[in-house]
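Below is one structure, written out as C-alpha coordinates, with a few remarks after it.
The values are calculated or read from the model by the stated rules, or taken from the named source; none is laboratory data. Since this is a predicted model, take the numbers as computed values, not measurements. Quick reminder, even Gly has a Cβ in these numbers, built from the backbone with ideal geometry, and neighbours come from all protein chains shown.
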Protein chains: 2
Amino acid sequence: MTHDQLKEALDTLKDTGVRITPQRHAILEYLINSMSHPTADDIYKALEGKFPNMSVATVYNNLRVFREVGLVKELTYGDSSSRFDFITTQHYHVICEQCGKIVDFHYPGLDEVEQLASHVTGFKVSHHRMEIYGTCPECLAKEAH
Amino acid sequence: MTHDQLKEALDTLKDTGVRITPQRHAILEYLINSMSHPTADDIYKALEGKFPNMSVATVYNNLRVFREVGLVKELTYGDSSSRFDFITTQHYHVICEQCGKIVDFHYPGLDEVEQLASHVTGFKVSHHRMEIYGTCPECLAKEAH
DNA sequence: TTATTACTTTATAATGTTTATAAATAGTGT
DNA sequence: ACACTATTTATAAACATTATAAAGTAATAA
(Lines give C-alpha, C1' and ligand atoms only; values in the text may rest on other atoms or scores of the structure.)
Protein backbone atom coordinates (compact mmCIF):
# COMPACT_ATOMS: atom_id res chain seq x y z
CA MET A 1 0.00 0.00 0.00
CA THR A 2 2.61 2.49 1.04
CA HIS A 3 4.57 1.34 -1.98
CA ASP A 4 1.68 2.37 -4.22
CA GLN A 5 1.44 5.69 -2.44
CA LEU A 6 5.09 6.35 -3.09
CA LYS A 7 4.72 5.35 -6.72
CA GLU A 8 1.71 7.61 -7.12
CA ALA A 9 3.52 10.46 -5.44
CA LEU A 10 6.49 10.05 -7.76
CA ASP A 11 4.13 10.02 -10.73
CA THR A 12 2.60 13.23 -9.48
CA LEU A 13 6.01 14.79 -9.34
CA LYS A 14 6.83 13.60 -12.85
CA ASP A 15 3.53 14.92 -14.19
CA THR A 16 4.15 18.27 -12.59
CA GLY A 17 7.64 18.48 -14.03
CA VAL A 18 9.37 18.24 -10.69
CA ARG A 19 12.63 16.35 -10.85
CA ILE A 20 12.97 13.21 -8.83
CA THR A 21 16.17 13.32 -6.87
CA PRO A 22 17.36 10.72 -4.39
CA GLN A 23 16.74 13.20 -1.59
CA ARG A 24 13.18 13.84 -2.72
CA HIS A 25 12.58 10.13 -3.03
CA ALA A 26 13.86 9.54 0.50
CA ILE A 27 11.91 12.40 2.05
CA LEU A 28 8.69 11.25 0.43
CA GLU A 29 9.31 7.67 1.50
CA TYR A 30 9.95 8.79 5.05
CA LEU A 31 6.81 10.90 5.14
CA ILE A 32 4.67 8.07 3.83
CA ASN A 33 6.04 5.49 6.22
CA SER A 34 6.07 7.81 9.20
CA MET A 35 3.11 7.39 11.46
CA SER A 36 3.92 10.55 13.37
CA HIS A 37 3.89 14.01 11.87
CA PRO A 38 7.57 14.80 11.57
CA THR A 39 9.16 18.22 11.68
CA ALA A 40 11.67 19.26 9.05
CA ASP A 41 14.40 18.55 11.56
CA ASP A 42 13.03 15.07 12.30
CA ILE A 43 13.29 14.28 8.63
CA TYR A 44 16.74 15.79 8.39
CA LYS A 45 17.99 13.69 11.29
CA ALA A 46 16.28 10.54 10.06
CA LEU A 47 17.99 10.76 6.69
CA GLU A 48 21.38 11.76 8.03
CA GLY A 49 22.59 8.17 7.71
CA LYS A 50 21.60 7.83 4.08
CA PHE A 51 22.61 11.36 3.08
CA PRO A 52 25.45 12.58 5.29
CA ASN A 53 25.89 15.71 3.22
CA MET A 54 22.26 16.70 2.85
CA SER A 55 21.54 20.28 3.84
CA VAL A 56 18.64 21.31 6.05
CA ALA A 57 17.66 23.71 3.31
CA THR A 58 17.07 20.74 1.03
CA VAL A 59 14.53 19.35 3.44
CA TYR A 60 12.74 22.68 3.71
CA ASN A 61 12.88 23.33 -0.02
CA ASN A 62 11.42 19.98 -0.87
CA LEU A 63 8.74 20.10 1.77
CA ARG A 64 7.68 23.36 0.21
CA VAL A 65 7.70 21.80 -3.26
CA PHE A 66 5.63 18.86 -2.04
CA ARG A 67 3.21 21.21 -0.40
CA GLU A 68 2.84 23.29 -3.55
CA VAL A 69 2.16 20.18 -5.59
CA GLY A 70 -0.40 19.05 -3.03
CA LEU A 71 1.37 15.96 -1.76
CA VAL A 72 2.06 17.23 1.70
CA LYS A 73 0.24 19.31 4.27
CA GLU A 74 2.01 21.63 6.65
CA LEU A 75 0.57 21.54 10.13
CA THR A 76 1.16 24.44 12.46
CA TYR A 77 0.24 23.56 15.97
CA GLY A 78 1.28 25.76 18.82
CA ASP A 79 4.81 24.43 19.13
CA SER A 80 7.85 26.01 17.61
CA SER A 81 8.20 24.08 14.39
CA SER A 82 5.86 23.01 11.63
CA ARG A 83 4.94 19.40 11.15
CA PHE A 84 4.43 17.74 7.82
CA ASP A 85 1.91 15.20 6.77
CA PHE A 86 1.58 13.14 3.64
CA ILE A 87 -1.90 13.77 2.30
CA THR A 88 -4.17 10.80 1.92
CA THR A 89 -7.54 11.48 0.42
CA GLN A 90 -10.24 12.77 2.71
CA HIS A 91 -12.50 15.66 2.10
CA TYR A 92 -15.23 17.99 3.17
CA HIS A 93 -17.81 19.74 1.07
CA VAL A 94 -18.10 23.36 0.10
CA ILE A 95 -21.68 24.21 -0.83
CA CYS A 96 -22.92 27.10 -2.93
CA GLU A 97 -25.90 28.79 -1.31
CA GLN A 98 -27.05 30.21 -4.66
CA CYS A 99 -27.01 27.21 -7.01
CA GLY A 100 -26.47 24.30 -4.64
CA LYS A 101 -23.30 23.10 -6.30
CA ILE A 102 -21.10 20.95 -4.07
CA VAL A 103 -17.36 21.02 -4.43
CA ASP A 104 -15.00 18.60 -2.72
CA PHE A 105 -12.55 20.18 -0.42
CA HIS A 106 -9.63 18.16 0.78
CA TYR A 107 -8.41 18.80 4.27
CA PRO A 108 -6.79 16.65 6.94
CA GLY A 109 -9.25 15.50 9.58
CA LEU A 110 -9.96 17.84 12.42
CA ASP A 111 -8.49 15.47 14.96
CA GLU A 112 -7.65 18.32 17.25
CA VAL A 113 -11.25 19.43 17.53
CA GLU A 114 -12.45 15.91 18.21
CA GLN A 115 -9.85 15.40 20.89
CA LEU A 116 -10.67 18.66 22.61
CA ALA A 117 -14.40 17.97 22.45
CA SER A 118 -13.87 14.55 23.98
CA HIS A 119 -11.68 15.96 26.70
CA VAL A 120 -14.06 18.77 27.63
CA THR A 121 -17.40 16.96 27.42
CA GLY A 122 -16.44 13.41 28.40
CA PHE A 123 -18.03 12.09 25.22
CA LYS A 124 -16.52 9.17 23.38
CA VAL A 125 -16.31 10.87 20.01
CA SER A 126 -17.01 8.79 16.93
CA HIS A 127 -16.89 11.30 14.13
CA HIS A 128 -17.79 14.79 13.08
CA ARG A 129 -19.44 16.54 10.23
CA MET A 130 -18.45 19.81 8.68
CA GLU A 131 -19.67 21.77 5.72
CA ILE A 132 -18.63 25.10 4.39
CA TYR A 133 -21.15 27.48 2.83
CA GLY A 134 -20.69 30.32 0.47
CA THR A 135 -21.02 31.45 -3.13
CA CYS A 136 -19.29 29.66 -6.01
CA PRO A 137 -17.18 31.53 -8.57
CA GLU A 138 -19.88 31.24 -11.27
CA CYS A 139 -22.59 32.73 -9.08
CA LEU A 140 -20.17 35.40 -7.94
CA ALA A 141 -19.63 36.33 -11.59
CA LYS A 142 -23.40 36.55 -12.20
CA GLU A 143 -23.78 38.76 -9.17
CA ALA A 144 -21.16 41.10 -10.54
CA HIS A 145 -23.32 42.48 -13.42
CA MET B 1 -20.13 45.77 25.65
CA THR B 2 -16.40 45.81 25.12
CA HIS B 3 -16.16 47.79 28.32
CA ASP B 4 -17.82 44.94 30.18
CA GLN B 5 -15.48 42.46 28.56
CA LEU B 6 -12.50 44.42 29.72
CA LYS B 7 -13.90 44.67 33.23
CA GLU B 8 -14.56 40.96 33.32
CA ALA B 9 -11.11 40.21 32.04
CA LEU B 10 -9.54 42.41 34.70
CA ASP B 11 -11.63 40.65 37.34
CA THR B 12 -10.39 37.34 36.05
CA LEU B 13 -6.84 38.54 36.44
CA LYS B 14 -7.50 39.77 39.96
CA ASP B 15 -9.15 36.48 40.92
CA THR B 16 -6.20 34.55 39.58
CA GLY B 17 -3.74 36.68 41.47
CA VAL B 18 -2.22 38.24 38.39
CA ARG B 19 -1.19 41.83 38.94
CA ILE B 20 -2.84 44.47 36.84
CA THR B 21 -0.23 46.71 35.31
CA PRO B 22 -0.85 49.54 32.86
CA GLN B 23 0.75 47.46 30.14
CA ARG B 24 -1.52 44.52 30.80
CA HIS B 25 -4.52 46.79 30.87
CA ALA B 26 -3.56 48.29 27.52
CA ILE B 27 -2.80 44.98 25.85
CA LEU B 28 -6.12 43.52 26.96
CA GLU B 29 -7.96 46.61 25.81
CA TYR B 30 -6.28 46.45 22.45
CA LEU B 31 -7.08 42.78 22.03
CA ILE B 32 -10.73 43.30 22.90
CA ASN B 33 -11.20 46.26 20.60
CA SER B 34 -9.20 44.79 17.76
CA MET B 35 -11.31 43.22 15.08
CA SER B 36 -8.30 41.59 13.44
CA HIS B 37 -6.17 38.96 15.08
CA PRO B 38 -3.02 40.86 15.94
CA THR B 39 0.47 39.46 16.19
CA ALA B 40 2.64 40.25 19.19
CA ASP B 41 4.43 42.77 17.05
CA ASP B 42 1.17 44.41 15.97
CA ILE B 43 0.34 44.94 19.60
CA TYR B 44 3.82 46.18 20.39
CA LYS B 45 3.66 48.74 17.59
CA ALA B 46 0.10 49.79 18.43
CA LEU B 47 1.04 50.59 22.02
CA GLU B 48 4.33 52.28 21.20
CA GLY B 49 2.70 55.68 21.51
CA LYS B 50 1.29 55.04 24.95
CA PHE B 51 4.31 53.12 26.24
CA PRO B 52 7.45 54.31 24.48
CA ASN B 53 9.65 52.19 26.74
CA MET B 54 7.69 48.98 26.65
CA SER B 55 9.73 45.94 25.72
CA VAL B 56 8.65 43.35 23.18
CA ALA B 57 9.23 40.77 25.88
CA THR B 58 6.48 42.37 27.92
CA VAL B 59 4.02 41.78 25.13
CA TYR B 60 5.05 38.17 24.76
CA ASN B 61 5.11 37.56 28.50
CA ASN B 62 1.66 38.94 28.99
CA LEU B 63 0.15 37.19 26.04
CA ARG B 64 1.43 33.99 27.60
CA VAL B 65 -0.07 34.94 30.96
CA PHE B 66 -3.41 35.74 29.33
CA ARG B 67 -3.34 32.46 27.48
CA GLU B 68 -2.59 30.53 30.66
CA VAL B 69 -5.46 32.23 32.43
CA GLY B 70 -7.76 31.43 29.53
CA LEU B 71 -8.44 34.97 28.35
CA VAL B 72 -6.64 34.68 25.07
CA LYS B 73 -6.23 32.08 22.37
CA GLU B 74 -3.04 31.76 20.36
CA LEU B 75 -3.66 31.08 16.69
CA THR B 76 -0.95 29.53 14.61
CA TYR B 77 -1.67 29.78 10.96
CA GLY B 78 0.98 29.01 8.42
CA ASP B 79 2.63 32.41 8.51
CA SER B 80 5.68 33.30 10.51
CA SER B 81 4.15 34.71 13.66
CA SER B 82 1.37 33.72 16.01
CA ARG B 83 -1.82 35.69 16.21
CA PHE B 84 -3.76 36.34 19.36
CA ASP B 85 -7.45 36.43 19.92
CA PHE B 86 -9.49 37.52 22.88
CA ILE B 87 -11.81 34.66 23.66
CA THR B 88 -15.47 35.47 23.34
CA THR B 89 -17.97 32.73 23.73
CA GLN B 90 -18.70 30.77 20.60
CA HIS B 91 -19.50 27.15 20.41
CA TYR B 92 -20.25 24.04 18.47
CA HIS B 93 -22.42 21.15 19.47
CA VAL B 94 -21.46 17.68 20.57
CA ILE B 95 -24.32 15.27 19.98
CA CYS B 96 -24.93 11.93 21.65
CA GLU B 97 -25.90 9.29 19.10
CA GLN B 98 -27.60 7.18 21.80
CA CYS B 99 -29.82 9.65 23.64
CA GLY B 100 -29.70 12.73 21.45
CA LYS B 101 -28.35 15.00 24.14
CA ILE B 102 -26.61 18.11 22.86
CA VAL B 103 -23.73 19.63 24.75
CA ASP B 104 -22.17 22.98 24.00
CA PHE B 105 -18.55 22.86 23.08
CA HIS B 106 -16.58 26.05 22.99
CA TYR B 107 -13.94 26.39 20.35
CA PRO B 108 -12.57 29.31 18.39
CA GLY B 109 -13.96 29.51 14.88
CA LEU B 110 -12.31 27.40 12.25
CA ASP B 111 -11.13 30.41 10.30
CA GLU B 112 -8.28 28.47 8.84
CA VAL B 113 -10.55 25.91 7.23
CA GLU B 114 -12.75 28.61 5.76
CA GLN B 115 -9.77 30.47 4.38
CA LEU B 116 -8.27 27.39 2.78
CA ALA B 117 -11.62 26.35 1.33
CA SER B 118 -12.03 29.79 -0.17
CA HIS B 119 -8.54 29.76 -1.59
CA VAL B 120 -8.83 26.32 -3.14
CA THR B 121 -12.37 26.46 -4.50
CA GLY B 122 -12.70 30.13 -5.35
CA PHE B 123 -15.86 30.33 -3.27
CA LYS B 124 -16.70 33.40 -1.28
CA VAL B 125 -17.21 31.64 2.02
CA SER B 126 -19.96 32.90 4.31
CA HIS B 127 -19.93 30.42 7.16
CA HIS B 128 -19.55 26.81 8.11
CA ARG B 129 -21.29 24.23 10.18
CA MET B 130 -19.70 21.60 12.32
CA GLU B 131 -21.06 19.01 14.68
CA ILE B 132 -19.33 16.35 16.63
CA TYR B 133 -20.96 12.98 17.22
CA GLY B 134 -20.33 10.37 19.86
CA THR B 135 -21.61 8.85 23.06
CA CYS B 136 -22.20 10.89 26.18
CA PRO B 137 -20.77 9.86 29.56
CA GLU B 138 -24.17 8.65 30.85
CA CYS B 139 -24.77 6.39 27.88
CA LEU B 140 -21.20 5.17 28.13
CA ALA B 141 -21.88 4.18 31.73
CA LYS B 142 -25.05 2.28 30.75
CA GLU B 143 -23.13 0.46 28.04
CA ALA B 144 -20.56 -0.63 30.54
CA HIS B 145 -22.86 -3.16 32.39
C1' DT C 1 25.75 7.49 -24.94
C1' DT C 2 26.94 12.00 -24.42
C1' DA C 3 26.19 16.84 -24.23
C1' DT C 4 23.34 20.40 -22.84
C1' DT C 5 20.47 22.99 -19.99
C1' DA C 6 17.95 24.12 -16.32
C1' DC C 7 16.85 22.68 -11.93
C1' DT C 8 18.76 21.02 -7.29
C1' DT C 9 21.79 20.51 -3.72
C1' DT C 10 25.02 22.14 -0.67
C1' DA C 11 27.22 25.30 2.53
C1' DT C 12 26.77 29.36 4.60
C1' DA C 13 24.92 33.53 6.02
C1' DA C 14 20.98 36.19 7.09
C1' DT C 15 16.35 37.03 8.80
C1' DG C 16 12.79 37.13 12.00
C1' DT C 17 10.24 35.39 15.90
C1' DT C 18 10.32 34.05 20.44
C1' DT C 19 12.59 33.11 24.88
C1' DA C 20 16.15 33.72 28.70
C1' DT C 21 18.60 36.70 31.88
C1' DA C 22 19.55 40.07 35.29
C1' DA C 23 18.95 44.56 37.08
C1' DA C 24 15.59 48.21 37.77
C1' DT C 25 10.84 49.19 38.71
C1' DA C 26 6.23 49.12 40.43
C1' DG C 27 1.73 46.53 42.33
C1' DT C 28 -0.39 44.79 46.31
C1' DG C 29 -1.54 43.86 51.07
C1' DT C 30 -0.34 45.31 55.67
C1' DA D 1 4.20 54.45 53.71
C1' DC D 2 6.64 49.85 53.87
C1' DA D 3 8.02 45.58 52.52
C1' DC D 4 7.60 41.83 49.60
C1' DT D 5 7.46 39.93 45.32
C1' DA D 6 5.94 40.01 40.66
C1' DT D 7 6.78 42.56 36.57
C1' DT D 8 9.13 45.43 33.27
C1' DT D 9 12.93 46.64 30.76
C1' DA D 10 17.06 46.10 27.97
C1' DT D 11 19.80 42.98 26.06
C1' DA D 12 21.47 38.81 24.45
C1' DA D 13 20.61 34.27 23.01
C1' DA D 14 18.15 30.48 20.86
C1' DC D 15 15.69 28.66 17.34
C1' DA D 16 13.30 27.81 12.95
C1' DT D 17 13.20 29.14 8.44
C1' DT D 18 14.71 31.48 4.19
C1' DA D 19 18.13 33.62 0.90
C1' DT D 20 22.32 33.29 -1.77
C1' DA D 21 25.79 31.64 -4.77
C1' DA D 22 28.70 28.02 -6.30
C1' DA D 23 28.92 23.13 -7.41
C1' DG D 24 26.49 19.19 -8.84
C1' DT D 25 23.05 16.39 -11.20
C1' DA D 26 18.47 14.80 -13.46
C1' DA D 27 16.08 14.93 -17.74
C1' DT D 28 15.95 15.58 -22.63
C1' DA D 29 17.30 15.12 -27.23
C1' DA D 30 20.87 14.45 -30.80
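So is A:Val120 in contact with a helix residue (DSSP H, G or I) (Cβ under 8 Å, 6 or more places away or on another chain), within 21 Å of B:Tyr92 (Cα to Cα) and free of Cβ contacts under 8 Å to residues at least 12 places away in the same chain or not?
On the way: in contact with a helix residue (DSSP H, G or I) (Cβ under 8 Å, 6 or more places away or on another chain): no; within 21 Å of B:Tyr92 (Cα to Cα): yes; free of Cβ contacts under 8 Å to residues at least 12 places away in the same chain: yes.
When the stated conditions are applied, A:Val120 does not pass them.
Would you say A:Asp85 is surrounded by 11 or more Cβ atoms within 10 Å (Cβ to Cβ) and assigned to a helix (DSSP H, G or I)?
Values: surrounded by 11 or more Cβ atoms within 10 Å (Cβ to Cβ): yes; assigned to a helix (DSSP H, G or I): no.
For A:Asp85, the condition - surrounded by 11 or more Cβ atoms within 10 Å (Cβ to Cβ) and assigned to a helix (DSSP H, G or I) - is not met.
Give the residue that is nearest to the chain's Cα centre (by Cα), with candidates limited to residues of segment B:129-145 that are at pLDDT 85 or above and within 7 Å of another protein chain (Cβ to nearest Cβ). First the steps, then the outcome.
Start the filter on segment B:129-145 by keeping residues that are at pLDDT 85 or above, which leaves B:132-141.
Narrowing the set further to residues that are within 7 Å of another protein chain (Cβ to nearest Cβ) leaves B:132-137, B:140.
Working: B:Ile132: 20, B:Tyr133: 23, B:Gly134: 25, B:Thr135: 27, B:Cys136: 26, B:Pro137: 27, B:Leu140: 31 Å.
Result: B:Ile132.
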Exercise for the section: Taking B:Glu138 as the residue in question, decide whether it is among the acidic types (Asp, Glu) and surrounded by fewer than 17 Cβ atoms within 10 Å (Cβ to Cβ). Expected result: yes
Exercise for the section: Confirm whether A:Val113 is within 9 Å of chain B (Cβ to nearest Cβ), within 19 Å of the chain's Cα centre (by Cα), closer than 26 Å to B:Tyr133 by Cα and among the aliphatic types (A, V, I, L, M). Expected result: yes
Handout entry: Test: A:Ser81 is touching an Asp or Glu at 6+ places or on another chain (Cβ under 9 Å) and more than 9 Å from DNA strand D (Cβ to nearest atom)
Key = no
Completion exercise
With criteria (1) surrounded by 15 or more Cβ atoms within 10 Å (Cβ to Cβ); (2) more than 9 Å from DNA strand D (Cβ to nearest atom); (3) under 30 Å from B:Arg64 (Cβ atoms), A:Leu28 comes up short on (3)
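Give the residues of segment B:31-60 that are among the small types (Gly, Ala, Ser) and either assigned to a helix (DSSP H, G or I) or near DNA strand D (Cβ under 8 Å from one of its atoms) (or both), sorted by residue number.
Within segment B:31-60, the subset among the small types (Gly, Ala, Ser) is B:34, B:36, B:40, B:46, B:49, B:55, B:57.
Listed by number, the residues that qualify are B:Ala40, B:Ala46, B:Ser55, B:Ala57.
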Practice task
Give me the pairs, please: first residue somewhere in segment A:60-71 and assigned by TED's automatic domain parsing to the domain that holds A:Tyr30, second residue anywhere and within 10 Å of DNA strand D (Cβ to nearest atom) and not hydrophobic (A, V, I, L, M, F, W, C), beta-carbon distance under 6 Å, and either six or more positions apart or on two chains.
Solution key: A:Asn62/A:Arg24; A:Arg67/A:Glu74
Practice task
Check A:His37, A:His106 and return the single one that is out of contact with any Asp or Glu (no Cβ under 7 Å at 6 or more places or on another chain) and either facing chain B (nearest Cβ under 10 Å) or within 29 Å of B:Val125 (Cβ to Cβ) (or both).
Solution key: A:His106
Completion exercise
Among (1) away from every other protein chain (no Cβ under 14 Å); (2) hydrophobic (A, V, I, L, M, F, W, C); (3) closer than 30 Å to B:Met130 by Cβ; (4) within 13 Å of DNA strand C (Cβ to nearest atom), A:Ile27 falls short only on (3)
